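Got a structure here, written out as structure tokens. Questions coming.
The values are calculated or read from the model by the stated rules, or taken from the named source; none is laboratory data. As the structure is a prediction and not an experimental result, all values here were calculated from the model. Here the Cβ positions follow ideal geometry from the backbone for every residue, glycine too, while neighbour counts run over all protein chains shown.
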Amino acid sequence: MSIDYREIMAGLKVAAGKAGEIVKDGASRTRKVMHKGRIDLVTETDLSVERMLKEELSGLLPGSDFLAEETAKDTEPGELTWIIDPLDGTTNFAHGLPFVANSIALWHRDRIVLGVINLPLMGELFTAIRGQGAFLNGLPISVSEEVSLERCLLATGFPYDIETYLEPVLAHLKRLLPLTQGIRRPGAAALDLAYVACGRYDGFYENALNAWDTAAGLLLVQEAGGLVSEFDATKPYAFGADEILATNGRIHEELSGHLCGD
């Protein structure tokens, strides 16, 4: 099946814009929050964005499948699959924080070929087509050039199952905080990966993410010149992995060593 990725990207940008409008409208209203778990939330906006994206993207690529956060039955993409997080950062959204993202990626055969991360409350649209670079609001972006960990700003996240991951989360913070300029935790992995891609962060690491959290962001980082792996830099990141490490490439092995306890 031959696909004109540029043509699909044009339609994808339109769909992302509509998703952003739903988010902005939802942010101006009283938010109705439901609980999937103790600290895992979903709002009407999540569901509205997902419904709209499925309709729009089905029109762009008839016959394509979907792997979307609120309705996913499994985590394995088919040959032609849209991988969607309709509202990454739902807890932020529920509390009125602007760090939220629409994350949309297209998996074709055996890899991600298109990625869009829209930050609607901050007016930023990150896009990437495999082999054609990464962009922010239409302008090319690249990862940072920093090589010294002590001058690096990192980001991380805390899993919903924090009881399981509390000890390694604290151990990594204890090890890395004295070695870096700081570690940020905005609460939206798609945003974190986009920020690595444009050089705002030098690296990002987290446990227990799903395909919809990382699909668009990993392509952005790669197309911007960075590296993505598990915490062990010798293991390529794949959906289903319990760990992700994304960096500018220059600090990748050193940061990997610290995360792995070397």
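Give me a count of the residues in segment 143-172 that are in contact with a strand residue (DSSP E or B) (Cβ under 8 Å, 6 or more places away or on another chain), more than 16 Å from Gly261 (Cα to Cα) and β-branched (Val, Ile, Thr).
Of the residues in segment 143-172, 2 are in contact with a strand residue (DSSP E or B) (Cβ under 8 Å, 6 or more places away or on another chain), more than 16 Å from Gly261 (Cα to Cα) and β-branched (Val, Ile, Thr).
Still on this structure: Looking at segment 241-262, I want the residues that are at positive phi and have a partner that is surrounded by fewer than 17 Cβ atoms within 10 Å (Cβ to Cβ) and of a type outside the set (Ser, Thr, Tyr) with Cβ atoms under 9 Å, at least 6 apart or on another chain. Which pairs are those?
Gly261/Ala171; Gly261/Arg175
State which residue is nearest to Ile84 (Cα to Cα) when the search covers only segment 1-20 and only residues that are loosely packed, with under 13 Cβ neighbours inside 10 Å and at pLDDT 90 or above.
Residues of segment 1-20 that are loosely packed, with under 13 Cβ neighbours inside 10 Å, as a first pass: 1-2, 4, 6-7, 10, 14.
Still in the running and at pLDDT 90 or above: 4, 6-7, 10, 14.
Numbers: Asp4: 20, Arg6: 19, Glu7: 19, Ala10: 17, Val14: 15 Å.
The selected residue is Val14.
Still on this structure: The conditions are (1) closer than 25 Å to Glu50 by Cβ; (2) in contact (Cβ under 8 Å) with a residue 60 or more places away in the chain; (3) of a type in the set (S, T, N, Q), and Ser142 fails exactly one of them. Which is it?
The failed condition is (1).
Step by step: first the residues of segment 209-253, then only those that are of a type in the set (Asp, Glu) and buried (at least 18 other Cβ atoms within 10 Å of the Cβ), then the one that is nearest to Val143 (Cα to Cα). Which residue is that?
Looking only at segment 209-253, we keep the residues that are of a type in the set (Asp, Glu), and these are 213, 223, 230, 232, 242-243, 253.
Narrowing further to those that are buried (at least 18 other Cβ atoms within 10 Å of the Cβ): 213, 223, 230, 243.
Working: Asp213: 20, Glu223: 9, Glu230: 18, Glu243: 21 Å.
Only one residue tops the list, namely Glu223.
Filter segment 95-150 down to the residues that are in contact with a Lys or Arg (Cβ under 6 Å, 6 or more places away or on another chain) and not in a loop (DSSP other than H, G, I, E, B) and list them by number.
Our first condition is that a residue be in contact with a Lys or Arg (Cβ under 6 Å, 6 or more places away or on another chain); within segment 95-150, this holds for 113, 120, 147.
Of everything in segment 95-150, just one residue is in contact with a Lys or Arg (Cβ under 6 Å, 6 or more places away or on another chain) and not in a loop (DSSP other than H, G, I, E, B), namely Val113.
May I pose another question? Taking into account only those residues within segment 184-242 that are acidic (Asp, Glu) and part of a helix (DSSP H, G or I), which is nearest to the chain's Cα centre (by Cα)?
Across segment 184-242, the extreme among qualifying residues is Asp213.
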